[in-house]
Amino acid sequence: MNSLCKHHIDRFYQQYKSRAFDQDDVALFLVLVRDYTNANTIFRELGDFLAHPKCKEKGLVLKDFEPIVDFFEENIDEIFTDLDIKNPPYKGLGTLNEIERDLTNTLKIAGLKVSLINKKDLAFRDFVFCLVFLLNNFKLKIDKRLFQMEVSYGHSLELKIEYESKKRKNNFASLSIITLGNVWTSNVSNTKFKPKEYIARRFNNGLLGAIPYSLDSLSLSSDMGSLPKNTVFPLPEFVRKPANKAIKSDA
């Protein structure tokens, strides 16, 4: 491995362990490891997204979408009337377990002695939060049409695509790519926002918050509370008690 790549990957792992990274650090990490990961792995797919910012025409996500899209178009009339219709299996980019596994393997490529990455760790949740907002606004080309990936921020954080049927306009299949649960835990009304053109930044309380591109500048204050109201979508701390009851700190 190129010594410069190895240095930056090691540096990212130190940032990961201390939870000192944000979206830019994740993006650089994905670019550096892309050529050292195997085809058809999650991290090669993530690197390919960054290498093809205009649109993605092939890869794991599209391969998984194709049977879903075909099924949706072929069964469009029944889907909205038959509640028992069985959809084909689908997992998007991959489960959190798979992302956890591939992150561990990717770090080991650089020869690092990596402690077990755990999907329940706060650092891992930070990593997935950055992934979601990093991929927001990228596009997939499905059947010669472009569909933009978008973020849904509610009790869970979700990166998804709304695929519109060619046969029946204004009829959509919602396809999830990545989902991170227990984000806005006080959201009892199931309210959801769709932040566009947002980037994940680390603030002085140690938490990540997604802010609009328009507010992201070299003079950005490190105080989340100093930004205009309703412009920050935070990732609060979320830990589990032994009794499986969740608590969170103030965002």
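The values are calculated or read from the model by the stated rules, or taken from the named source; none is laboratory data. Small disclaimer: the values here were computed from a predicted structure and weren't measured. With ideal geometry, Cβ positions are generated from the backbone for all residues, glycine too; neighbour counts draw on all protein chains shown. Protein only, heavy atoms only, side chains kept; ligands, DNA and RNA dropped before computing areas. Shrake-Rupley method; radii C 1.70, N 1.55, O 1.52, S 1.80 Å.
Hey, can you tell me all the residues within segment 34-68 that are more than 23 Å from N87 (Cβ to Cβ), in a helix (DSSP H, G or I) and of a type outside the set (A, V, I, L, M)?
Correct list: R34, D35, Y36, F43, R44, G47, D48, F49.
Looking only at segment 92-131, which residues are of a type in the set (D, E, K, R), open to solvent by 60 Å² or more (accessible area, probe 1.4 Å) and out of contact with any strand residue (DSSP E or B) (no Cβ under 9 Å at 6 or more places or on another chain)?
Answer for segment 92-131, where residues must be of a type in the set (D, E, K, R), open to solvent by 60 Å² or more (accessible area, probe 1.4 Å) and out of contact with any strand residue (DSSP E or B) (no Cβ under 9 Å at 6 or more places or on another chain): R101, K108, K113, K119, D121.
I'd like to check something: does segment 169-180 contain any residue that is more than 30 Å from N75 (Cβ to Cβ), touching a strand residue (DSSP E or B) at 6+ places or on another chain (Cβ under 7 Å), at pLDDT below 95 and aromatic (F, W, Y)?
no
I need a count of the residues in segment 156-198 that are under 22 Å from E66 (Cβ atoms), acidic (D, E) and open to solvent by 80 Å² or more (accessible area, probe 1.4 Å).
Taking segment 156-198 first, the residues under 22 Å from E66 (Cβ atoms) are 158-169, 171-179.
Adding the requirement that they be acidic (D, E) leaves 158, 162, 164.
Those left that are additionally open to solvent by 80 Å² or more (accessible area, probe 1.4 Å): none.
Matching residues across segment 156-198 total 0.
Would segment 190-198 turn up any residue that is within 29 Å of D121 (Cβ to Cβ), in a loop (DSSP other than H, G, I, E, B) and modelled with pLDDT under 90?
Looking through segment 190-198, at least one residue is within 29 Å of D121 (Cβ to Cβ), in a loop (DSSP other than H, G, I, E, B) and modelled with pLDDT under 90.
Does V61 qualify as being under 24 Å from N205 (Cβ atoms), within 20 Å of the chain's Cα centre (by Cα), surrounded by 15 or more Cβ atoms within 10 Å (Cβ to Cβ) and touching a residue at least 12 places away in the same chain (Cβ under 8 Å)?
No.
If the Cβ limit is 7 Å and pairs must be 6+ apart or interchain, which residue in segment 139-166 that is closer than 21 Å to I76 by Cα pairs with which residue that is of a type in the set (S, T, Y)?
I142/Y163; F147/Y163; K160/S152; K160/S174; K160/S176; E162/S174
Got a number for residues in segment 33-54 being closer than 18 Å to N136 by Cβ and surrounded by 14 or more Cβ atoms within 10 Å (Cβ to Cβ)?
Narrowing segment 33-54 to residues closer than 18 Å to N136 by Cβ: 42, 45-54.
From what is left, the residues that are surrounded by 14 or more Cβ atoms within 10 Å (Cβ to Cβ) are 42, 45-50, 52.
Within segment 33-54, residues that are closer than 18 Å to N136 by Cβ and surrounded by 14 or more Cβ atoms within 10 Å (Cβ to Cβ) number 8.
Mind checking whether some residue in segment 83-103 is touching a residue at least 40 places away in the same chain (Cβ under 8 Å) and over 18 Å from the mean Cα position of the chain (by Cα)?
no
In segment 16-32, what count of residues is obtained for those that are surrounded by fewer than 18 Cβ atoms within 10 Å (Cβ to Cβ) and over 26 Å from N204 (Cβ atoms)?
1
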